[in-house]
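The values are calculated or read from the model by the stated rules, or taken from the named source; none is laboratory data. Small disclaimer: the values here were computed from a predicted structure and weren't measured. Every residue, glycine among them, receives a Cβ derived from its backbone with ideal geometry; neighbour counts consider all protein chains shown.
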Amino acid sequence: MPRLPMLFNALRGASTWQLLLLSIFVVGCLAFESWAVKLGKRREAYTPEGHDETHLLQTFTKVDQSDWLSSARLLQEALACVVVLPLVLNAGRSKGRCRPSTPALGCSKGKLRRKAFQEEHKAGQVHQQVESNQHNADALANKYAGELQAKAKGGDLAGAEAIARRMQEAKIPVTVVCFGALISAYAKAGKAADAERCLRELIDTGTGKPNTICINIAISACAKAGDVAHAEAWLHRMPELGVEPDALSYNAVIDACARAGDADRAERWLNHMRRSIAQPNVISYSSVVHACAKAGDMSRAESWLNSMEEDGIEPNVICYNAVIHACAKAGDCDRARAWIERMVSRGATPTVNSYTVVMDTLAKSGDVDAAEEWLLRMSSEGVEADVVSYNMLIGACTRCGDAERAQRWFRRMQQQGVVPNTVCYNLLINVHARIGDVGSAINWLTEMRKNQVPQDRVSYNTVIKAFTRNADVGGAEHWYHEMRAVGLQPDIVTFNALIGTCARVKDPDRAEHWLQAMLAHGIEADAVTYCSLIDTCARAGETARAEQWLDHMGKAGLQASLACFATLVHALAKLGDTERLEHVMDQLHLQGLEANNSMYNALISACAKRADICRAEKWFDTMVKAGVQADVVSFSTLIHACAKSSDLTRAEGWLERMNLDGVEANSVTYNSVINACARAGYPDRAEAWLERMDEAGLKPGVLTYNSVINSCAKAGDAARAERWIERMRARGVTPDAVSYSTLIHACLKSHDPLRSEHWLVTMQNGGEEPTAFCYDSVIQGCAHSGCVTKAERWLETALAAGVEVSANSFHSIIMTCVRAGDLEKADRWLQQVSDRGMASGAVAQCVAAAWAKQGKQSRGVTARRSAKSGCGLQALA
């Protein structure tokens, strides 16, 4: 301690009270010096503008860890002076009062001097020990603080927390800077809750007052996490903590509101900011403009941009782009164009984003032409399109399935010197995969490899999906192995695509094989996997197996989607299995799902196929009670069920209810009612419904007219049926085979074979190939009326045309010949029957009996043998 001897020599003659005042003065000066140094350092460290958060935190670290230690050292020296000074000076006084009269007195002086020296030496040792201890404590605190900040900066949050705990255990204060480092690290890691926890710990421990930076970081973390309420709460609490919110504080909260799309809230905070000390800046306004743009409120975004200019704040490119985005989102591209021009006039340079926000909106809406126009405009105005811009355009072409256009823009991008990336190639692979062009998809993947563009899982998955669309299991599996060969691991999308390919070829065994392969890779099956398996089994007609997978899905804790249930419902409906259908519907309701209109219609249709009207009506009522709107298909299916049961009254009742419910009937509906009339044999009612169909503006088709003709045929009114076929022609509807066959049958029922023959000729002349039913009707009609020659002619015509007429046509001619006594001709036709392998037992017996009556027993026996053996007469000979 060099200061003590100096003080001793200078103040040897001072009085005790003078020495006391001097000691107090020295302590005061030293304390003032400590305070001044600390204040100066803090002013140098804190700069509100132009420094980032990390720099400020590092500056506060230096201040907090060194200034209080230096102050303590100075105070220790002062206190040492206070303690030692009176002792030394009192010793000096004693020395001055001693008289050198005797040797004893001289001896006493020496002792006093030695004692003073010893006391002075002892005090120095004490001070040195204190200084040493303090130095060690400072070094340890600095060591811990440095390690904590290093780990926090490196992202080792667990390590930083562990050091903070060791500091607390060692009773070393965790400073504001250490807490700030932790808060900043958690914020960077996106862990807003942990950042808030550290801030609360800083406040609760009382180590120091949290500074603006710490709180701003916490607010910003909440904003990025979308937690607007917590961000606002911290901003409200800042004055209570003795910290004045600055522009960064408000901007973070406004940004949180903007991220959440809450324009009203963002506006409220901006207005609050305008009334506070912290005045809004360009960031504050741009956040509010962005919030309005995100909400799609174009006028509001424009209004804030104008207010910004009125407040003397020049908007930057970000602000203009936000307004342009709002215009694009509202679909007003002309207005977006006007803002780009205004931006240029204000001296701001448009960026790629100024144009691509409009391009993106147009591309997603499918307006490829307009998107192309904006890209060309961007290039003409000196803004170079980047790979993202071209990808937007190629993506729009992909969505429209325009592969040629996508390729054209890809080549143009290369010509402009823009290097295609992985996304670009994946889009091109996808556009070909979507249309099932496997070859082109593979070619683009090959070019990707050749140009050394990194391929990812999406590249290979898209190629596999191309084979899925073509139902090519072998090709899909080949590219799965190719994917593995280049070192890419398959994901759940890969396996789902493979299982989906198996569904296309109705191969449930192979689908289950790929499920096992997926599980072997440690990939858990998801809802899509199970739905694909259910679809595979349903397509293969293995509905029981499909139901088993539905049960497995539930046991795996996965809820089947409505689409998954729909697949099974439609498969069971095709089989007409109403009992199992109802069981699946019960499972669907137990999972809290509600069947849609299509599923209810499938169930009603299954009931209709079985002509179970009561069950169909029950499910119709269930659908309506569940709040599912019945449509034209629902009503038409019910009416069709009534028609199948020939329940005309019920069919007409449902059509009336359909009209009352405001559901417009279509041609299928009217056809079903008219068909019900036909089945019941009510031509008058059939014609009435046809007229109502005309009044509803629906044009009757061939099915409608066929039902009316059938109703006339059922009533035995051939003339009326003929009038309808003429009317049908007059209205430009060409009769088909059903029309003619129904009319021919009507003529036969009226015992008018000549008219039936007339309509068969008309049918041939009209270019319509007669069916076996038409030939059978005319042949049998002529034979029954005794016109064997005509019957034989039409039979020969049918055989020459390759039409497989029924055995009844042959039998009718044979029996007519027997009745006419022409047994030779009857034998010839009987031979035709036998040669064709047709049954001829009863007819052959009649021929044999006829020969026996004429006394030709041998011919009769031959005929009977022919009937038993099925061999022709020539074979027996």
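Please state which of the following conditions residue 732 fails to meet, knowing it meets all the rest: (1) farther than 27 Å from residue 677 by Cβ; (2) of a type outside the set (Val, Ile, Thr); (3) not in a helix (DSSP H, G or I).
Failed condition: (1).
Please go through the range 313-354 and pick out each residue that is part of a loop (DSSP other than H, G, I, E, B) and farther than 16 Å from residue 299 by Cα. Break it down stepwise before answering.
So in the range 313-354, the residues part of a loop (DSSP other than H, G, I, E, B) come out as 313-316, 330-332, 346-351.
Passing the criteria: 313, 314, 315, 316, 346, 347, 348, 349, 350, 351.
Residue under question is residue 595, and the condition is that it be within 18 Å of residue 560 (Cβ to Cβ), among the small types (Gly, Ala, Ser) and in contact with a Leu (Cβ under 8 Å, 6 or more places away or on another chain); does it hold? Talk me through it step by step, then tell me what you get.
Details: within 18 Å of residue 560 (Cβ to Cβ): yes; among the small types (Gly, Ala, Ser): yes; in contact with a Leu (Cβ under 8 Å, 6 or more places away or on another chain): yes.
Against the criterion (within 18 Å of residue 560 (Cβ to Cβ), among the small types (Gly, Ala, Ser) and in contact with a Leu (Cβ under 8 Å, 6 or more places away or on another chain)), residue 595 qualifies.
If I ask for residues that are farther than 12 Å from residue 692 by Cα, assigned to a helix (DSSP H, G or I) and not polar (S, T, N, Q), which ones from the range 657-672 would you list?
Those that are farther than 12 Å from residue 692 by Cα, assigned to a helix (DSSP H, G or I) and not polar (S, T, N, Q): 657, 658, 660, 668.
Residue-by-condition table, conditions (1) surrounded by fewer than 18 Cβ atoms within 10 Å (Cβ to Cβ); (2) outside any helix (DSSP H, G or I); (3) among the aliphatic types (A, V, I, L, M); (4) at pLDDT 90 or above:
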{"residue": "552", "(1), (2), (3), (4)": "yes, no, no, no"}
{"residue": "567", "(1), (2), (3), (4)": "no, no, no, no"}
{"residue": "585", "(1), (2), (3), (4)": "no, no, yes, no"}
{"residue": "607", "(1), (2), (3), (4)": "no, no, no, no"}
{"residue": "634", "(1), (2), (3), (4)": "no, no, no, yes"}
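Residues to consider are 388, 357; find the one that is modelled with pLDDT of 90 or more, part of a helix (DSSP H, G or I) and hydrophobic (A, V, I, L, M, F, W, C).
Working: 357 fails: modelled with pLDDT of 90 or more.
Answer to the selection: 388.
Take the range 165-182 and flag every residue that is small (Gly, Ala, Ser) and modelled with pLDDT of 85 or more. I'd like the intermediate steps shown before the answer.
Taking the range 165-182 as the starting set, the residues that turn out to be small (Gly, Ala, Ser) are 170, 180-181.
Matches in the range 165-182: 180, 181.
Output the helices (runs of 4 or more DSSP H) that fall wholly within the range 139-231 and possess 3 or more residues being within 26 Å of residue 283 (Cα to Cα), of a type in the set (Gly, Ala, Ser) and in contact with a helix residue (DSSP H, G or I) (Cβ under 8 Å, 6 or more places away or on another chain), or say none.
Numbers: elements: 157-169, 176-188, 192-205, 212-224.
Filter on the range 139-231 gives 176-188, 212-224.
Show the residue pairs that are 6+ apart or on different chains and have beta-carbon atoms under 8 Å apart, the first residue being within the range 634-647 and on the phi > 0 side of the Ramachandran plot, the second being surrounded by 24 or more Cβ atoms within 10 Å (Cβ to Cβ) and part of a helix (DSSP H, G or I).
From the range 634-647, the pairs are 646/676.
Residue 291 passes all but one of (1) closer than 19 Å to residue 247 by Cβ; (2) surrounded by fewer than 23 Cβ atoms within 10 Å (Cβ to Cβ); (3) of a type in the set (A, V, I, L, M, F, W, C); (4) touching a Gly at 6+ places or on another chain (Cβ under 7 Å); which number fails?
Against the list (1) closer than 19 Å to residue 247 by Cβ; (2) surrounded by fewer than 23 Cβ atoms within 10 Å (Cβ to Cβ); (3) of a type in the set (A, V, I, L, M, F, W, C); (4) touching a Gly at 6+ places or on another chain (Cβ under 7 Å), residue 291 comes up short only on (2).
For the range 249-297, which residues satisfy the criterion of being within 17 Å of residue 329 (Cβ to Cβ), assigned to a loop (DSSP other than H, G, I, E, B) and in contact with a Leu (Cβ under 8 Å, 6 or more places away or on another chain)?
Within the range 249-297, no residue meets the criteria.
Somewhere in the range 250-257, is a residue without any contact (Cβ under 8 Å) to a residue 60 or more places away in the chain and farther than 18 Å from residue 319 by Cα?
First pass over the range 250-257, keeping only residues without any contact (Cβ under 8 Å) to a residue 60 or more places away in the chain: 250-257.
Filter again for farther than 18 Å from residue 319 by Cα, leaving none.
Checking the range 250-257: not a single residue is without any contact (Cβ under 8 Å) to a residue 60 or more places away in the chain and farther than 18 Å from residue 319 by Cα.
Only one of 458, 438, 463, 423 is among the hydrophobic types (A, V, I, L, M, F, W, C), under 20 Å from the mean Cα position of the chain (by Cα), under 24 Å from residue 501 (Cα atoms) and modelled with pLDDT of 90 or more; which? Give the derivation first.
Numbers: 438 fails: under 20 Å from the mean Cα position of the chain (by Cα); 463 fails: under 20 Å from the mean Cα position of the chain (by Cα); 423 fails: under 24 Å from residue 501 (Cα atoms).
One residue alone meets the criteria, 458.
What pairs come out if I take residues in the range 836-856 that are more than 18 Å from residue 808 (Cα to Cα) and pair them with residues that are surrounded by 16 or more Cβ atoms within 10 Å (Cβ to Cβ) and among the β-branched types (Val, Ile, Thr) whose C-beta lies under 9 Å away, six or more apart or interchain?
Pairs found: 848/862; 849/818; 850/818; 851/862.
Please specify each residue of the range 506-522 satisfying the condition of being crowded, with 18+ Cβ neighbours inside 10 Å, of a type in the set (A, V, I, L, M) and over 19 Å from residue 541 (Cα atoms).
Of everything in the range 506-522, those that are crowded, with 18+ Cβ neighbours inside 10 Å, of a type in the set (A, V, I, L, M) and over 19 Å from residue 541 (Cα atoms) turn out to be 515, 518.
Tell me, yes or no, whether the range 757-768 has at least one residue that is under 22 Å from residue 796 (Cα atoms), assigned to a helix (DSSP H, G or I) and acidic (Asp, Glu).
Restricting attention to the range 757-768, the residues satisfying the condition of being under 22 Å from residue 796 (Cα atoms) are 757-768.
Retained after the next criterion (residues that are assigned to a helix (DSSP H, G or I)): 757-765.
If we keep only those that are acidic (Asp, Glu) as well, we get 757.
Yes - at least one qualifying residue is present in the range 757-768.
Restricting to the range 571-596, count the residues that are touching a residue at least 12 places away in the same chain (Cβ under 8 Å) and within 19 Å of residue 629 (Cβ to Cβ).
Qualifying residue count for the region: 6.
Please identify the pairs in which a residue from the range 151-177 that is of a type in the set (D, E, K, R) has its Cβ atom under 6 Å from the Cβ atom of a residue that is buried (at least 21 other Cβ atoms within 10 Å of the Cβ), counting only partners at least 6 apart or on another chain.
151/160
Per-residue answers, yes or no, for (1) surrounded by 23 or more Cβ atoms within 10 Å (Cβ to Cβ); (2) at pLDDT 85 or above; (3) more than 15 Å from residue 348 (Cβ to Cβ); (4) aromatic (Phe, Trp, Tyr):
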site	(1), (2), (3), (4)
282	no, yes, no, no
285	yes, yes, no, yes
299	no, yes, yes, no
304	yes, yes, yes, yes
323	yes, yes, no, no
327	yes, yes, yes, no
335	no, yes, yes, no
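State whether one or more residues within the range 815-838 are modelled with pLDDT of 75 or more and in contact with a His (Cβ under 7 Å, 6 or more places away or on another chain).
So far as the range 815-838 goes, no, none of its residues is modelled with pLDDT of 75 or more and in contact with a His (Cβ under 7 Å, 6 or more places away or on another chain).
So which residues in the range 176-205 are surrounded by 23 or more Cβ atoms within 10 Å (Cβ to Cβ) and either over 33 Å from the mean Cα position of the chain (by Cα) or over 20 Å from residue 235 (Cβ atoms) (or both), if there are any at all?
Once the filter is applied, which keeps residues that are surrounded by 23 or more Cβ atoms within 10 Å (Cβ to Cβ) and either over 33 Å from the mean Cα position of the chain (by Cα) or over 20 Å from residue 235 (Cβ atoms) (or both), the range 176-205 yields 177, 178, 179, 180, 181, 182, 183, 184, 185, 198, 199, 202.
Residues being of a type outside the set (A, V, I, L, M, F, W, C), closer than 22 Å to residue 468 by Cβ, assigned to a helix (DSSP H, G or I) and out of contact with any Pro (no Cβ under 9 Å at 6 or more places or on another chain): count how many of those fall in the range 399-446. Show your work before the answer.
Taking the range 399-446 as the starting set, the residues that turn out to be of a type outside the set (A, V, I, L, M, F, W, C) are 399, 401-402, 404-405, 407-408, 411-412, 414-417, 420-422, 425-426, 430, 432, 434, 436-437, 439-440, 443, 446.
Keeping just the survivors that are closer than 22 Å to residue 468 by Cβ gives 399, 401-402, 422, 425-426, 430, 432, 434, 436-437, 439-440, 443, 446.
If we keep only those that are assigned to a helix (DSSP H, G or I) as well, we get 399, 422, 425-426, 430, 432, 434, 439-440, 443, 446.
Then drop every residue that is not out of contact with any Pro (no Cβ under 9 Å at 6 or more places or on another chain), which leaves 399, 425-426, 430, 432, 434, 439-440, 443, 446.
Here the count works out to 10.
What number of residues within the range 484-502 are crowded, with 20+ Cβ neighbours inside 10 Å and in a helix (DSSP H, G or I)? Talk me through it step by step, then tell me what you get.
Going residue by residue through the range 484-502, those that are crowded, with 20+ Cβ neighbours inside 10 Å are 490, 494-502.
Then drop every residue that is not in a helix (DSSP H, G or I), which leaves 494-502.
Final tally of qualifying residues: 9.
Return the pairs, sorted by first residue and then second, in which the second residue is surrounded by 15 or more Cβ atoms within 10 Å (Cβ to Cβ) and among the acidic types (Asp, Glu), the first residue lies in the range 681-696 and is assigned to a helix (DSSP H, G or I), the beta carbons are less than 7 Å apart, and the residues are 6+ apart or on different chains.
Partner pairs satisfying both residue conditions: 683/717.
Tell me whether the range 730-738 contains one or more residues that are over 30 Å from residue 821 (Cα atoms) and among the acidic types (Asp, Glu). Please lay out each step first, then the result.
Step one: filter the range 730-738 for residues over 30 Å from residue 821 (Cα atoms), giving 730-738.
From the residues that got through so far, the ones that are among the acidic types (Asp, Glu) too are 736.
Yes, some residue in the range 730-738 is over 30 Å from residue 821 (Cα atoms) and among the acidic types (Asp, Glu).
When you go through (1) of a type outside the set (D, E, K, R); (2) modelled with pLDDT under 90; (3) surrounded by 24 or more Cβ atoms within 10 Å (Cβ to Cβ) one by one for residue 649, which number turns out not to apply?
Here residue 649 meets the rest and fails (3).
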